[in-house]
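Participant: Take a look at this one; I'll ask things after.
The values are calculated or read from the model by the stated rules, or taken from the named source; none is laboratory data. Since the structure is predicted, the reported quantities are computational estimates derived from the model, not experimental observations. Here the Cβ is made from the backbone with ideal geometry for all residues, glycine too, and neighbour counts use every protein chain on show. Heavy atoms of the whole protein, side chains included, go into the accessibility calculation; ligands, DNA and RNA do not. Shrake-Rupley method; radii C 1.70, N 1.55, O 1.52, S 1.80 Å.
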Amino acid sequence: MEANDLKHPLFRVLTFRDGQQVIAEDVKTEVAARTRFASAVDLCKTRDDAHGHHVELHAGSEVLERWSSAEA
């Protein structure tokens with residue numbers, strides 16, 4: 001699923017399940033990106049299944065933050 005409405009996104013939140021990307025969200029501001037990152041992490045934490053979950057926050061090509069269910 002793609003949630004891309006921006007032509008030149010500054011920030012991107014990527015959500016993975018079992019190593020495969022399932023959601024990519026382009027976000028215009030850092031505040032909005034960090035909010036979406038936190039929401040994605042919270043959603044992954046509610047999943048009670050045998051799948052691995054991973055969320056990344058990017059600014060351009062730089063990874064600002066990373067969360068993995070294996071670390072939780």
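Participant: Could you please give the count of residues in the stretch 28-42 that are touching a residue at least 12 places away in the same chain (Cβ under 8 Å) and within 11 Å of the chain's Cα centre (by Cα)? Steps first, please.
Facilitator: Initially, the stretch 28-42 is screened for residues touching a residue at least 12 places away in the same chain (Cβ under 8 Å), giving 28-30, 32-34, 36-37, 40-41.
Next, from what is left, pick out any that are within 11 Å of the chain's Cα centre (by Cα): 33-34, 36-37, 40-41.
Summing the residues that are touching a residue at least 12 places away in the same chain (Cβ under 8 Å) and within 11 Å of the chain's Cα centre (by Cα) in the stretch 28-42 gives 6.
Participant: Does the stretch 45-72 hold any residues that are under 10 Å from the mean Cα position of the chain (by Cα), under 12 Å from THR15 (Cβ atoms) and open to solvent by 40 Å² or more (accessible area, probe 1.4 Å), and which are they?
Facilitator: HIS54, ARG66
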